[in-house]
Amino acid sequence: TGMFGITKPAYGPLWETTPFYSKEVESISSFNPDKAKQLLDAAGWVPGGDGIRSKNGQRLTVTLPTQDFTKPFDVTSQSNWKNVGIELQLQPMAVAASFQAIADDKVNSAVQAWVSSDPIVLTNLFHSKNIKGGYAWSKYSDPKLDQLLDSGQSAIDDTQRASIYAQIQKIIMDNALIVPYYGNPEDSTAYQSKYQGFKQDFRNYGWFYDTWLKS
């Protein structure tokens, strides 16, 4: 349902307006609390008195670094996760400290959001070369995924790139490397009528190249 009524839900690592977005991801995973509960039940995670699940004496707790500007999102996530029996433990810390905690495996999850006009951004987030000192925070290492990311970066034929990035998106979602939440909310921009030709691109960024001043 999106977030706060101003967004649409995301289904994969790319937003739907990004070139080479694959609609196949929309059938891989969806928001389904009942199915999540069934899967957790089948895996032996039993709800306790407070609703949080445990297995073999281990409480199902996931840690998440949080900052003031992410708090509304984090609190909403915490409520959604608790609904299926998972405790999302928010850990307030500075941005630099959260990056260090992620690098040192001191937390279990992290929030990421990137803006890009090309799916090549997935190399930053999922190539194994960017696990150490980079932004591949899922820390998933797969030679096949690396090879596809390299190929997508070097290919120039659009049909070939579409095929490559469709495979990449499927691998990411099949292996649950991310939990997609929502896409960029649409921005509203107010400006005086004397400014003509102002547009927004598919990233919702202002496009001033064609803008001119009416005398």
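For the range 1-94, what class follows from the C-alpha gyration tensor (a ≥ b ≥ c being the square roots of its eigenvalues): rounded when a/c is under 1.5, otherwise prolate if a/b is larger than b/c, else oblate? Verdict is oblate for the range 1-94. Here Thr17 sits with roughly 60 square angstrom of accessible surface, probe radius 1.4 Å.
A Förster radius of 35 Å combined with the Cβ-Cβ distance from Asp118 to Thr211 puts the calculated FRET efficiency at roughly 0.90. Please identify which residues in the range 90-120 have an amide N closer than 16 Å to a label point set 7 Å out from the Cα of Ile52, following the Cα→Cβ vector. 90-92, 107-109, by backbone N distance to the label point. Nearest 10 degrees, 0 to 90: what angle lies between the long axis of helix 143-154 and the longest principal axis of the chain (Cα atoms)? Approximately 10 degrees, to the nearest ten. Checking the cross-link pairs Lys35/Lys82; Lys8/Lys35; Lys8/Lys132; Lys71/Lys106 against a 23 Å limit on the alpha carbon distance flags Lys8/Lys132 as lying beyond it. Would you calculate a helix-derived [θ] at 222 nm for the chain, using -39,500 (n - 2.57) for each DSSP H run of n ≥ 4 and dividing by the full residue count, to the nearest 500? When only DSSP H runs of four or more count, the value is -9500 deg cm²/dmol. Trp15 contributes about 60 Å² of solvent-accessible surface, heavy atoms of the protein only, 1.4 Å probe.
Rounded to the nearest 10 degrees, the inclination of helix 71-83 to the longest alpha-carbon principal axis of the chain is 40 degrees.
With only the Cα atoms considered, the chain has a convex hull volume of 167 Å³ per residue. First measure r as the distance between the Cβ atoms of Gln89 and Asp68, then evaluate 1/(1 + (r/R0)^6) with R0 = 30 Å and state the FRET efficiency to the nearest 0.05. Efficiency at R0 = 30 Å is approximately 0.95.
Taking 0.36 nm per residue of separation and subtracting the Cα-Cα distance, full extension of the segment from Lys37 to Tyr191 would add 50.6 nm.
The values are calculated or read from the model by the stated rules, or taken from the named source; none is laboratory data. Since this is a predicted model, take the numbers as computed values, not measurements. Because the Cβ atoms are built from the backbone with ideal geometry, glycine has one as well, and the counts that use them run over all protein chains shown. The area values use the complete protein model at the heavy-atom level, side chains included, leaving out ligands, DNA and RNA. Shrake-Rupley method; radii C 1.70, N 1.55, O 1.52, S 1.80 Å.
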